[in-house]
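Contents: one structure, followed by commentary.
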Amino acid sequence: MAVGGFVESGLQQTLTETWNGTSWSVLASVNDGSRNNALSGVACTGPTSCVAVGSYANSSGIDDTLIESWDGKSWSIVTSPNPGTEGSDLNAVSCTSATRCVAVGYYFDQSLLKNETLIESWNGGSWSIVTSANRVNSTNALFGVSCAGAGCIAVGVSVGGAGTSQTLTESWNGAAWSITSSPDPGSGLLDELGSVTCTSSTSCVAVGDYENDSSVDQTLVESWNGSIWSLVSSPDEGSGDNALG
């Protein structure tokens, strides 16, 4: 299953496609309201159980979270919470069963006047917001998540007041989310992680990009061994900007 969006009559709409072993085909998907809708991530635990996440523009033109569920026959919208009223987006989702999913993204905190991380959890009956960690005096956002066993890893970026950015990695230990230290080869000029995949609680790989001393974006790969994140050498194509997402 793959998800995204397409533009029709000036509006962005959700797009879902499925692979049957031979070819890809478009599946009818749903949209919330009459404004822009888009899906950013999908996770499936079986042919009749998928969850897709993204955002849609509400009647005020502000982004709200969008979550859809696939039952093997059709997509339907599932009610999802939004912290505050000034914009919430979900970028990725990971499911370990039909009754356990975690979605990540960010929302605009009106009291702080900046974006903060957003994590939501599915228990088989409803989605709820889970307290997540943020670096102080920074704008924070999560772009990727992967769960294996009882644990989960989420990755993204923190942007400081001077516009410099750091990789942001968070881990779930079954009770709480906490920030884990992760390397920044760009020395804070531009360091961000866009996605992550885990095969166990002690084996994860995250990818993104960083800006080198010549102001050129380079691929960034980091590895998690259950205790620390470490840089993994990765190639770049050509002499221009490179990024992994």
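A compact table of results
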read-out	value
Strands (runs of 3 or more DSSP E) contained in the stretch 171-223 and holding at least 3 residues of a type in the set (A, V, I, L, M) and in contact with a Ser or Thr (Cβ under 8 Å, 6 or more places away or on another chain)	203-211
Residue in the stretch 224-236 that is surrounded by 16 or more Cβ atoms within 10 Å (Cβ to Cβ), β-branched (V, I, T) and closer than 29 Å to I129 by Cα present	no
Complete set of residues in the stretch 176-200 that are modelled with pLDDT under 95 and surrounded by fewer than 19 Cβ atoms within 10 Å (Cβ to Cβ)	S187, G188, L189
Search result, residues across the stretch 110-124 that are closer than 22 Å to I62 by Cα and part of a strand (DSSP E or B)	K114, N115, E116, T117, L118, I119, E120
Any pair with Cβ under 6 angstrom, 6 or more apart, that starts in the stretch 13-26 at a residue that is over 15 Å from W75 (Cα atoms) and ends at one that is at pLDDT 95 or above	W24/E17
Filter pass, V136 being out of contact with any Phe, Trp or Tyr (no Cβ under 6 Å at 6 or more places or on another chain), part of a loop (DSSP other than H, G, I, E, B) and open to solvent by 20 Å² or more (accessible area, probe 1.4 Å)	yes
Filtered residues of the stretch 82-104 (kept if of a type in the set (S, T, Y) and either at pLDDT below 95 or out of contact with any strand residue (DSSP E or B) (no Cβ under 9 Å at 6 or more places or on another chain) (or both))	T85
Number of positions in the stretch 134-149 that are within 15 Å of the chain's Cα centre (by Cα) and among the aliphatic types (A, V, I, L, M)	3
Residue list for the stretch 10-69, filter: buried (at least 19 other Cβ atoms within 10 Å of the Cβ), over 19 Å from Y107 (Cβ atoms) and hydroxyl-bearing (S, T, Y)	T14, T16, S29
Neighbours by Cβ (under 6 Å, 6+ apart or cross-chain): first from the stretch 114-125, touching a residue at least 40 places away in the same chain (Cβ under 8 Å); second assigned to a loop (DSSP other than H, G, I, E, B)	T117/S132; T117/N134; I119/S132
Subset of the stretch 126-143 (residues that are in contact (Cβ under 8 Å) with a residue 12 or more places away in the chain and within 22 Å of G160 (Cβ to Cβ))	S132, A133, N134, R135, N137, S138, T139, N140, A141, L142, F143
Members of the stretch 70-109 that are aliphatic (A, V, I, L, M), open to solvent by 40 Å² or more (accessible area, probe 1.4 Å) and not in a loop (DSSP other than H, G, I, E, B)	I77
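The values are calculated or read from the model by the stated rules, or taken from the named source; none is laboratory data. Just so it is clear, the model here is predicted, and its values are computed rather than measured. As a convention, Cβ positions derive from the backbone with ideal geometry for all residues, glycine included, and neighbour counts pool all protein chains shown. Keep in mind that these areas ignore ligands, DNA and RNA; they rest on the heavy atoms of the full protein, side chains included. Shrake-Rupley method; radii C 1.70, N 1.55, O 1.52, S 1.80 Å.
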